[in-house]
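> Quick one: structure below, then a few questions.
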Amino acid sequence: MTTTTGTGLTEQLSATTLLRFATAGSVDDGKSTLVGRLLHDSKSILTDQLEAVEAASLKRGQEAPDLALLTDGLRAEREQGITIDVAYRYFATTRRRFILADTPGHVQYTRNMVTGASTAELAVVLVDARNGVVEQTRRHAAVAALLRVPHVVLAVNKMDLVEYAEPVFAAIAEEFTAYAASLGVPEITAIPISALAGDNVVEPSANMDWYGGPTVLEHLETVPVSHDLASCKARFPVQYVIRPQTAEHPDYRGYAGQIASGALRVGEAVTVLPSGRTSTISGIDALGEAVDIAWAPQSVTVTLADDLDISRGDLIAPSGSAPRTTQDVEATVCHVADQPLTVGQRVLLKHTTRTVKAIVKEIPSRLTLDDLSQHPDPGQLVANDIGRVKVRTAEPLALDAYRDSRRTGSFLLIDPADGTTLAAGMAGDSFAAEAVKTVADDEGWDF
Amino acid sequence: MTTTSATVGEGTDSPYALSHLDALESEAVHIFREVAGEFERPVILFSGGKDSIVMLHLALKAFAPAPVPFSLLHVDTGHNFPEVLEYRDRTVAEHGLRLHVASVQEYIDAGKLRERPDGTRNPLQTVPLTEAIQQHRFDAVFGGGRRDEEKARAKERVFSLRDEFSAWDPRRQRPELWQLYNGRHAPGEHVRVFPLSNWTELDVWQYIAREKIELPGIYYAHEREVFARNGMWLTAGEWGGPKESETVETRLIRYRTVGDMSCTGAVDSDATTLEAVIAEIAASRLTERGATRADDKMSEAAMEDRKREGYF
């Protein structure tokens, strides 16, 4: 029996939290090396995977194992030696589990970084210490800011090639921090590293005594992952109505869903949108356990004191802080499809659990990420464009500003003809709107 | 603004941070309920292996106290472990579920599929699977695939659109943004859904331990007649092993994955309890597929190629 570790191991392994993060970097900034080192030094690359990479590298005539082959999983990627698509990696330390969205660095794949950043709580932006902050760095910072990733790490890589000089690091960190802060990135941590030599990735560097901060892994392990519940308004999109209608549960009617933000409490007065009907929470079932309070992102089933007509797509919120509803959505979108988005186009809009018909009324501007310049009335958006749109929906939506809630302020635009996801939308203002601010209309937008 | 050293040592998560298992469970339940809300005819692929057992457990929790609103589909290779079939039938009866079976043996008997020279039946599952999907007009098919299993699976979406031939085109996948899954599909197309995408093998085992989920006995160490082929221990049996040159011996082994007997290898193990299995996996230097799956060793892109053809 190999039970010498006893119950301790299970407890230790399950008492961890989960951090989702994304990496972004230009093609030659050493992103694959950094990812490879994080996986390798956290012992997440197993023998058979390493052997497969060694064999594949030999077949290609490379002497040393090419760690990029670990992450480039598709035939086309391995043939061309580039990363085409987002891939997800998993590794763990004793303190935390990590889900890494490994996103390609090419300019034409802005949509991939948007995809990776949409679920990330932290983004690592890589910079080559020799080149400093370049256009691509600004693009990555802008996408992280637009998607409101709560924590950004600037990894100044290849410090070994600039003699581990502090002034080089300090200058890059200062320039990046000023830029990202001006875009509204709430927290920036700069770390000087050499992914190739292993400085400050997992182990502290002996070559940079002047740096007193955490290594990349230490920072990933300790950055706080959950938000202050008190400051988030509760939002509960109804996903599915559970009605067993069995002898045992003849009258049970539960509203199932994942709490999008904040906390729900038994006894709380709630309003159901868009109908505006009110009731009180009579019970919360947290996957088999009756509880008094539940919070985001828990999946629960809620019962109400009154028998209301509620279905998938409705939103339950505390009566004191329910969102307004609107049919006029103004948002920043990232266009993710090959077919364009044009003024006058009929689309579907998916917001939380609700999908409604909509029409693109206006595309007021398109943003150039390089210098954040605005181009008014582009007429259409094409793949990887970021722009402002005004959309009229067929039914009212209980939409928050994206800056208040990434979950209830985000939406998809979908092509009704073939189901293609056209654009990722973020409701309300963003820095992408600043240059073309129009006079606020008085139909209920207050952000 | 630069917080170069401020966060170290202060990383106490708030009491409202979910444990990683709670976070993964919540996400998977959300996915099951999205499918129930948006599709007409979903089905859960159920092999009797640990991943599909965990999927079913999550589905039971997601819709309680109502029954699971999906039926099950088992692609029967004809070379199954008897313990697994027994487990399957008992589970279906216990929860009052409806089970569809697509049989590889029936396809071979009817001359619609030909036995491979190596005797491996795993790749033969694709045709019965895709035909069953068409025949029953399933529009959402849950699979227990995890992105940590294999490099092609690491590129897989949670909602993966398949055309009328069930084909996967990795270059034409929909971006998956936030938790907004897009399940739109044309008639004849369907969506493969992977609620365990973000789970690792260790997560699955820890969840099984936490939830006290019963598994078929072959996952725990037991004595069995096996023989060595291509560096793996295969179960001796009527499916075609061993050949004359191969010697049967009785060893203390267990299985990390459950698939077709002809290509699922056992590992030497004395882990007879969940705790011991978890300790063994935490210390293992081999991935579960690398250790136990012959079909993935056929080529560098074996999984991608099979998935393109409709494999799950």
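> Please list, by residue number, every one of the chymotrypsin sites (Phe, Trp or Tyr not before Pro) in the stretch B:141-186 that is coil in DSSP and has at most 14 other beta-carbon atoms within 10 Å.
Loop-located and lightly packed - B:PHE165.
> Springs between alpha-carbon pairs under 10 angstrom, Gaussian network model over chain A: which of A:GLY254, A:GLY61, A:GLY213 fluctuates most?
Answer for the Gaussian network model of chain A: A:GLY61.
> Relative to the longest principal axis of the C-alpha atoms of chain A, give the angle of the C-alpha long axis of helix A:135-146, reported between 0 and 90° and rounded to the nearest 10°.
Its long axis makes an angle of about 30 degrees.
> When chain B is treated as a GNM, springs tying every alpha-carbon pair under 10 Å, which of B:ALA209, B:ALA93, B:ALA140 comes out with the largest mean-square fluctuation?
Of B:ALA209, B:ALA93, B:ALA140, the Gaussian network model singles out B:ALA93 as fluctuating most.
> Another question, then. Determine which lysines satisfy two conditions relative to B:LYS61: a Cα distance under 23 Å, and not lying fewer than 8 residues away in the same chain.
B:LYS50, B:LYS212
> Not counting the cut sites, what is the longest span of chain B without trypsin sites (Lys or Arg not before Pro) that DSSP labels loop and that have at most 14 other Cβ atoms within 10 Å?
B:1-97
> Where a ≥ b ≥ c are the square roots of the eigenvalues of the C-alpha gyration tensor, would you call chain B rounded, which needs a/c under 1.5, or, failing that, prolate if a/b is larger than b/c, or oblate?
Because a/c hits 1.5 or more and a/b fails to exceed b/c, chain B counts as oblate.
> Can you tell me the orientation of helix A:47-59 relative to chain A, as the angle in degrees between its alpha-carbon axis and the longest Cα principal axis, to the nearest 10?
Once rounded, one gets 60 degrees.
> Show me the trypsin sites (Lys or Arg not before Pro) within the stretch A:347-439 that DSSP assigns to loop and that have at most 15 other Cβ atoms within 10 Å of their Cβ.
Answer by residue number: A:ARG403, A:LYS437.
> Another question, if that's okay. Rounded if a/c is under 1.5, else prolate if a/b is larger than b/c, else oblate: which is the protein assembly as shown, with a ≥ b ≥ c the root eigenvalues of its Cα gyration tensor?
Oblate, since a/c reaches 1.5 and b/c is not below a/b.
> Each label point is 7 Å from the Cα along the Cα-to-Cβ direction; what then is the distance between the points at B:ALA93 and B:ARG172, in nm?
4.6 nm
> How high is the FRET efficiency between B:VAL101 and B:ASN230 when r is their beta carbon distance and R₀ equals 30 Å, given to the nearest 0.05?
The computed FRET efficiency comes out at 0.55.
> Then there's this: Filter the GluC sites (Glu not before Pro) in the stretch B:171-205 to those in DSSP coil with at most 16 other Cβ atoms within 10 Å of their Cβ, and list the result.
The qualifying sites are B:GLU189.
> Would you list which lysines come within 27 Å of B:LYS243, measuring only between C-alpha atoms, while excluding same-chain residues fewer than 8 positions from it?
Straight-distance partners of B:LYS243: B:LYS112, B:LYS297.
> In addition: Between A:ASP292 and A:PHE431, what FRET efficiency comes out of the Förster formula 1/(1 + (r/R0)^6) with R0 = 35 Å and r the beta carbon distance, rounded to 0.05?
For R0 = 35 Å, the calculated efficiency reads 0.30.
> Tell me the relative contact order for the stretch A:230-321 as a rounded percent, counting alpha carbon contacts under 8 Å between residues six or more apart.
36 percent
> Also, quick follow-up: When the dipole is taken about the Cα centre of the stretch B:20-202, and only Lys, Arg (+1) and Asp, Glu (-1) are charged at their Cβ, what size is it in debye, to the nearest 20?
400 debye
> At a 1.4 Å probe, what is the % contribution of carbon and sulfur to the accessible area of the stretch A:230-321?
For the stretch A:230-321, the apolar C and S fraction of the accessible surface comes to 45 percent.
> Here is a follow-up. So which residues of the stretch B:35-58 lose at least 30 Å² of accessible area, probe 1.4 Å, when you go from the chain by itself to every protein chain present?
So the qualifying set is B:GLY37, B:GLU38.
> If a paramagnetic tag sat 7 Å from the Cα of A:ILE359 along the Cα-Cβ line, which residues of the stretch A:315-343 would have the backbone N under 16 Å from that point?
Counting backbone N atoms under 16 Å from the label point, the list is A:327-329, A:342-343.
> A further question follows. Comparing B:LEU129, B:LEU18, B:LEU58, which has the greatest mean-square fluctuation in the GNM of chain B with Cα pairs linked when under 10 Å apart?
Its mean-square fluctuation being the largest, the pick is B:LEU18.
> Please give the contour-minus-distance gain from A:THR93 to A:LEU196: 0.36 nm per residue of separation, less the Cα-Cα distance, rounded to one decimal in nm.
Extra length from A:THR93 to A:LEU196 when fully extended: 35.0 nm.
> Go ahead and collect, in residue order, the members of the stretch A:120-140 whose backbone nitrogen is under 15 Å from a label point 7 Å along the Cα-Cβ direction of A:ASP370.
A:134-140
> Between B:ASP163 and A:GLU51, what is the label-to-label distance in nm when each label sits 7 Å out along the Cα-to-Cβ direction?
Rounded to a tenth, the inter-label distance reads 3.7 nm.
> What whole-number value in Å² describes the accessible area per residue of chain A for a 1.4 Å probe?
39 Å²
> For the pair B:GLU115 and A:ALA305, how long in nm is the line joining their label points, each one 7 Å along Cα→Cβ?
7.0 nm
> Let me confirm one metric for peptide B:199-207, namely the mean number of other chain beta-carbon atoms within 10 Å of its residues' beta-carbons.
Going residue by residue through B:199-207 and averaging, the value is 3.
> Run the reach check for A:LYS158 against lysines, Cα to Cα strictly under 19 Å, same-chain hits fewer than 8 apart removed. What comes back?
A:LYS31
> Using 0.36 nm per residue of separation minus the Cα-Cα distance, give me the extension gain between A:SER182 and A:LYS43 in nm, one decimal.
Here the segment from A:SER182 to A:LYS43 would lengthen by 46.2 nm.
The values are calculated or read from the model by the stated rules, or taken from the named source; none is laboratory data. Note that the coordinates shown come from a computational prediction; the quantities given were computed from them, not determined experimentally. Virtual Cβ from ideal backbone geometry, glycine too; neighbours counted across all protein chains shown. Keep in mind that these areas ignore ligands, DNA and RNA; they rest on the heavy atoms of the full protein, side chains included. Shrake-Rupley method; radii C 1.70, N 1.55, O 1.52, S 1.80 Å.
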